[in-house]
Amino acid sequence: MEHTSLLERILRGVALTLVVIFFMFPIVWIFMMSFQTNETILRIPPQLVFEPTLANYTALITGKLTTMSGTLDIAFMRNLWNSVFLSTTSVAVALLLGVPAAYAFARHKFRGSEDIAFTLLSFRFAPALLVLLPLTLYFQKLGLANTYIGLIWVYQLICLPLILWIVRGYFEDIPADIEYAYRIAGHSWFATFRKIALPLAGPGIAAAGLLAFIFAWNNFVFALVLASADKQPVTVGALAFITSSGIQYGQISAAIVLSITPTLALALYAQRYLVEGLSLGAVKG
Amino acid sequence: MTAVTVQRNRPSGFRISKRVLPYVLSLPALLVCIGILIPFFTSVVYSFQRYRLSQPWARQFNWGENYLNFFTDPKFWNTLEISLLYAGITVLLELLLGLGIAMLLQKRTTLNNFISIMLLMPLMTAPALAALMWKLMTNPGFGVLSYLASLIGLQDFRWASSPSTALFTVVLVDIWVYTPFIMILLLAGLRSLPTQPFEAAALDGVPRSFVFFRITLPMLTPYILTATLFRLLDSIQQFDIIYAMTQGGPGDTLTVFQVEAYLNFFQSTNVGRSAALMIILWAITYFLSNIFIKNWLRLRERARGLA
């Protein structure tokens, strides 16, 4: 590996450059489009130099779009709020349900424990619509159709397996002897869980929560099937937006930028844990 | 655990027997499990029924008819073919590309680490929004990719709106989103390999291709298997990218399993056929996920051992 020829180094450099261009170009381009007016976007050949405008963002944030044929209402901020609310609450619920269960699976071998853990894992790989389509009919009967509660419950399909399996790994990494010592000193299991296990697994739990948030945010099919316009997150909202706003490409780009920025920022922040999260704890980064 | 019987200062009023405790802790997760299993079995029942939302009065069990009809239904064979083709092409290309990129970035330099973090960005973009981004870039009117295609002589290249190039376009988006997934897992795998075999090979002056095929690949196999099966499981169920890009069109060019089931349910309101499609897809993924979980567990134990 040490003595690489000049030719090889050049080839490697070219290959890496091509890779970076392919994967970065769409993001950069959409970002640039979001600062352009429709006139500059529609120009051929595409412009690399242009006068940036914030008009697209102000239209989205104020919710009013002025066109030649009058003003249009844009509900995009509503979608953005739905995404924030649905993802945050889903992760909070998943942590509340998943962390104690993960602790039970890590510390106690009890009858049926592995069965439950694997059933939950298998949800991650079952086709979403298999469950979603009957659920639409059930939700209508139960009055859960188009409610946040119904959506948050279904979001557990993504968040819970992730949290359970990652956090379980972190609990298993804590030597059981530390907990025994604390128990022998006369503390209850709950105190042990709260004072010893939770703080030691803390970073892992936080990372699992961040990842679950990203996956919940990026989900598309659940809300597409179960939510109507006022409850839809950005992933579904942006799609509806592209048809309703017609030809306002700058605003669509701005909406995409606003929709992907939170997950990209969180991913950069939590990148140390991404490998572990993406492989559900099978590979350490 | 059984050794812990000494218990002083027990907080009053909060006694849970040790046998019951794990069940209490996992009960909420268990309830969610059951809540999901109910619609699953409902799907099984629907799949054996003649059930159309538009004709609720005609709903009745027709047993295997939905499944038997598939044998003579060219639309079903189209769905099966396009799903397998999509999954096969995307996973194969992503594996080759991901492995290549991981090997380019293997050395732990600041630049390599920076690039590998940057490459995660497509993966963290919602697939539906990624499809939307590519839709804007391939717009025939102003899309930058349409312009670039015209520069290399592909006038009027219609990307996702032409039946002949629609599959190519969605595969391209899939590659853009998911290659980083395989890349990042294989990179972690490559960097965790022991260095001695490589040093020994370098000392002996073994050719590089031999090192790659006889040392690197075999040692990387568990990672490759896990990453590939993971992707295969997701890819055969792809919905977001295809639906956001073309809604299964043009015509029925891209009606993969989940898209076809969605359209059957909401457009032709044929619940029975839709459920039968999902059960077949489930059978495929169940088979794959069993193989996957074995590999995944082995890798997970190894990761725990290293920790």
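The values are calculated or read from the model by the stated rules, or taken from the named source; none is laboratory data. All of these numbers come straight from a predicted model, not from anything done at the bench. Glycine gets a Cβ as well: all are built from the backbone with ideal geometry, and neighbour counts include every protein chain shown.
Of the helices (runs of 4 or more DSSP H) entirely within the stretch B:176-278, those holding at least 2 residues that are of a type in the set (S, T, N, Q) and over 30 Å from B:GLY64 (Cβ atoms) occupy B:217-235.
The residues on offer are B:ARG15, B:ARG10, and the sole one that is modelled with pLDDT under 60 and either more than 7 Å from chain A (Cβ to nearest Cβ) or in contact with a strand residue (DSSP E or B) (Cβ under 8 Å, 6 or more places away or on another chain) (or both) is B:ARG15. Residue check: is A:ALA223 surrounded by 22 or more Cβ atoms within 10 Å (Cβ to Cβ), assigned to a helix (DSSP H, G or I) and within 11 Å of chain B (Cβ to nearest Cβ)? Against the criterion (surrounded by 22 or more Cβ atoms within 10 Å (Cβ to Cβ), assigned to a helix (DSSP H, G or I) and within 11 Å of chain B (Cβ to nearest Cβ)), A:ALA223 qualifies. Filtering the stretch A:33-48 to residues that are more than 9 Å from chain B (Cβ to nearest Cβ), surrounded by 16 or more Cβ atoms within 10 Å (Cβ to Cβ) and without any contact (Cβ under 8 Å) to a residue 12 or more places away in the chain leaves only A:THR40. For the stretch B:268-284, give me each residue that is farther than 12 Å from B:TYR46 by Cβ and modelled with pLDDT of 90 or more. Result: B:ILE280, B:LEU281, B:TRP282, B:ALA283, B:ILE284.
When the test is whether a residue is part of a helix (DSSP H, G or I) and not aliphatic (A, V, I, L, M), A:LYS141 passes it. Taking the criterion of being within 7 Å of another protein chain (Cβ to nearest Cβ) and under 14 Å from the mean Cα position of the chain (by Cα), the residues of the stretch A:269-285 that qualify are A:GLN271, A:LEU274, A:LEU278. B:ALA276 - would you say it is under 18 Å from B:PHE40 (Cβ atoms) and small (Gly, Ala, Ser)? Yes: the conditions hold for B:ALA276. Whether a residue is out of contact with any Asp or Glu (no Cβ under 7 Å at 6 or more places or on another chain), at pLDDT 80 or above and under 17 Å from A:PHE215 (Cα atoms) was assessed, and B:ALA149 does not pass this test.
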